[in-house]
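Everything on this sheet refers to the single structure shown next.
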Amino acid sequence: MTILEPVQPLKGGPWVFPRKLLIHYFIHCAPLEITEGSVARTSYVGVDVDECTLIWALYSCGDYRAVITCVGLMKGSHHQSWMILRMHTHSLIKVSRCNKAIEILMRGDTWHKNRDYSSTQCSLRGLAYETKGGYSSALEYHQMSLNIKLQIHSYSPHPDIASSYNNIGNVYQSQGNYSSALEYHRKSLDIRLEIHGDSPHPDIAASYNNIGNVYESQGNYSSALEYHHKSLDIRLKINDDSPHPDIASSYNNIGIVYQSQGDYSSALKCYWRSRDLLQSSELSQTHPLYAMVMSNLGSG
């Protein structure tokens, strides 16, 4: 059996596949009956592709609408697996179909009676409510998720606990409560530094990035640039300067700070760099960041 190989695999991140190639494979897959361990076959291109791998690849590319479409085409029980449900509901949230995501998340039989699954369910519900602007409900569900994770891991440093602190920090930032946002993002960062030490890691880069975003929202541009550059430096180390959406995101965020400062020349340089990276990684037409970068180029 020939397995679909990723193109330009990204170090420190998920596989990346050209979107057109993935859709081409999926369209020509027959039958679409999905059963446990089944493989989608296509004699047209001579490739066998596992449906879960395909959806994971689209999800990793940030092509959330394609994920939703593909899950809708799946039949049988396979589309109810926990991993597919997580990617499906998160994709719905990403395209602002939050009510549909909440509907799926509220189904009692959808999420196994397992504390890990329950914490993920609460986290996704928190994200859905945050996206809708229901910040009090978002904080409630993120706190529920955090409490479950603290019990699971006996209050020891763990990436899942750091993730919950990060999520709570994001809600506080959306509310404009920047002091609380910084408090929770720093809690998240402290755990991630304790776990990973001086080793470059995407989670540490994400924490620096989020702290930079809060400082930018506060108007503290010098601190914002400091933390965004810390994030960028780690992402460059992880990916050996190869094209990666996270690097493009850092350049875009640095450009936003420069633009807020009135340094439009530096802002444009960062936006162009971000756009070039997205195009080089073959994600320009699918990654949500691309539209933002192009908008920034128009206003920079």
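Among the numbered conditions (1) in contact with a Leu (Cβ under 8 Å, 6 or more places away or on another chain); (2) over 18 Å from Val293 (Cβ atoms); (3) β-branched (Val, Ile, Thr), the only one that Ile234 does not meet is (1). Looking at (1) among the hydrophobic types (A, V, I, L, M, F, W, C); (2) out of contact with any His (no Cβ under 9 Å at 6 or more places or on another chain); (3) surrounded by 24 or more Cβ atoms within 10 Å (Cβ to Cβ), can you tell me which one Val171 breaks? If we test Val171 against (1) among the hydrophobic types (A, V, I, L, M, F, W, C); (2) out of contact with any His (no Cβ under 9 Å at 6 or more places or on another chain); (3) surrounded by 24 or more Cβ atoms within 10 Å (Cβ to Cβ), just (2) comes out false. Of note, Leu146 does not satisfy the criterion of being more than 16 Å from Ser188 (Cα to Cα) and part of a helix (DSSP H, G or I). For Arg125, indicate whether it is surrounded by 15 or more Cβ atoms within 10 Å (Cβ to Cβ), of a type outside the set (Val, Ile, Thr) and in the same structural domain as Thr69 (by TED's automatic domain parsing). For Arg125, the condition - surrounded by 15 or more Cβ atoms within 10 Å (Cβ to Cβ), of a type outside the set (Val, Ile, Thr) and in the same structural domain as Thr69 (by TED's automatic domain parsing) - is not met.
The values are calculated or read from the model by the stated rules, or taken from the named source; none is laboratory data. Note that this is a predicted model, so its numbers are computed, not measured. Reconstructed Cβ throughout: ideal geometry from the backbone, glycine too, with neighbour counts over all protein chains shown.
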